[in-house]
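Have a look at the structure below before the remarks.
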Amino acid sequence: MEPVRWGVLGTAKIAVEKVIPGFRRTDTAEVVAIASRDAGRAQACAARLGIPKAYGGYEALLADDAVEAVYIPLPNDQHVPWAIRAADAGKHVLCEKPLALTAAEAETLVAARDRTGRLIQEAFMVRHHPQWLRVRELIREGRIGTLLAMTCTFSYHNADPANIRNSAEQGGGALYDIGCYPVMLARWLFGAEPERVAALVERDPDLGIDVLTSALMAFPGGGQASFTVSTRMVPYQRVHCLGSRGRIEVLIPFNAPPDRPCRILVDDGSRHADASAVAEDMDAVDQYALQAADFARLLRGGLAPDYPLEDAVANLRVIEALFKAGSK
Ligand SMILES: NC(=O)c1ccc[n+]([C@@H]2O[C@H](COP(=O)([O-])OP(=O)(O)OC[C@H]3O[C@@H](n4cnc5c(N)ncnc54)[C@H](OP(=O)(O)O)[C@@H]3O)[C@@H](O)[C@H]2O)c1
């Protein structure tokens, strides 16, 4: 397969540390250019990562005919504006999560996709990790009976006022940054949209962003999902899927390391206190490389995505409903 020729907008931490190394680990991607608001930063980054071209400005990269697809790891409020510009410049787009700040904003990108015919995807890397494909398979084949509850905890500690996660204007806060994952996973595993939601949203009094958010989602048929996310808590992540006859525990649900196996526990509950839990180890994989490879497969094969942008619109509808439910 001919590699997709990528350009990267911005010198974001996620791009430099995860996504560009992921592009490197697959022969379906080639990074041809990087842009920064600052030309010197673009050049330094390109030199460090061995990227052939560096641009001082995002528009200049979009004008480069050698760039076929653009990866957008900008602050959340800039995702849609730059994705639309990229599509209008004829580029395909992989855009970081959360795709937008509202469902209405995401819909403007759906319209741009339809107008330009470009492939535009939200970068939820976990959807490409074999551990999540395995969890979904186990649930679909009834290994835990009927899925009744999904619970998730996801947290880290970051109080740096200069970080985009702490800027309300830029779409910071726990629900946008990490709550988007359990919302997506619950919708994915239940295969439906929640009918009702409830939430508690605790905000930083000075910065205005949510720092501790707990949520409940009720799905058709009686299943429920819940999560607690925080940007001011001890770093931790875990997902439990509980069914009528068993449970699955995902030990590293989101930041799966590329260099060591990931473990899930499958427990039929026949013995007390985890004694019947059976470990399944997944081979070490780079979920960012898999994300890039899946993008290339869709693009080169002209295939319809499993997760079209409409999924991002639906995710944002739930996020908006949670903010509304949790507002004081
Ligand atoms: N999928 C994942 O695993 C994952 C993990 C972490 C983050 N993310 C997502 O990736 C995006 C970036 O996160 P990050 O932590 O990597 O952010 P970051 O390091 O702060 O990078 C953001 C980049 O955006 C550019 N930018 C443009 N306008 C900006 C502004 N007004 N303020 C700050 N930066 C600006 C900057 O690049 P230049 O100055 O070089 O132009 C900056 O390097 C977010 O949407 C986040 O949700 C995804």
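Quick look at the numbers
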quantity	calculated
Nearby lysines by direct alpha-carbon distance to LYS13 (threshold 28 angstrom, same-chain neighbours under 8 apart not counted)	LYS53, LYS91, LYS97
Only Lys, Arg (+1) and Asp, Glu (-1) charged, at Cβ; the chain dipole about Cα centre in debye	280
Cα coordinate range in the chain, projected on the principal axes (Å, largest first)	60, 46, 37
Probe 1.4 Å, all protein chains present, accessible-area order of TRP132, TRP188, largest first	TRP188, TRP132
Surface accessible to a 1.4 Å probe, per residue, for the residues of region 130-284, Å²	46
About the Cα centre, charge dipole magnitude for region 130-284 (Lys/Arg +1, Asp/Glu -1 at Cβ), debye	420
Estimated inter-spin distance, THR146 and GLU310, nm [label 7 Å along Cα→Cβ]	2.7
Cβ-Cβ FRET estimate between GLU195 and ARG271, R0 fixed at 25 Å, reported to 0.05	0.10
Relative contact order [Cα under 8 Å, 6+ residues apart], the chain, whole percent	19
The chain: most fluctuating residue of GLY56, GLY171, GLY22 per GNM, C-alpha cutoff 10 Å	GLY56
Residue-by-residue Karplus 3J(HN,Hα) for region 299-304, coefficients 6.51, -1.76, 1.60, Hz, glycine and proline x	5, 6, x, x, 8, 7
Ratio of the Cα radius of gyration of region 173-328 to 2.2 N^0.38 Å, where N counts its residues	1.17
Long-range amide H partners of LYS97 with built H, under 5 Å	ALA123
Taking region 130-284 and dividing mean pair separation by its residue count, relative contact order in percent (alpha carbons under 8 Å, at least six apart)	27
Under-5 Å amide H pairs with ILE252, H placed in peptide plane, nonlocal only	ARG263
GNM result for the chain, Cα springs below 10 Å: residue of GLU96, GLU195, GLU68 fluctuating most strongly	GLU195
Spin-label pair ASP38/VAL234, simplified geometry with 7 Å Cα→Cβ offset, distance in nm	3.6
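The values are calculated or read from the model by the stated rules, or taken from the named source; none is laboratory data. Note that the coordinates shown come from a computational prediction; the quantities given were computed from them, not determined experimentally. Because the Cβ atoms are built from the backbone with ideal geometry, glycine has one as well, and the counts that use them run over all protein chains shown. Please note that ligands, DNA and RNA were not included when accessible areas were found on the heavy atoms of the full protein model with its side chains. Shrake-Rupley method; radii C 1.70, N 1.55, O 1.52, S 1.80 Å.
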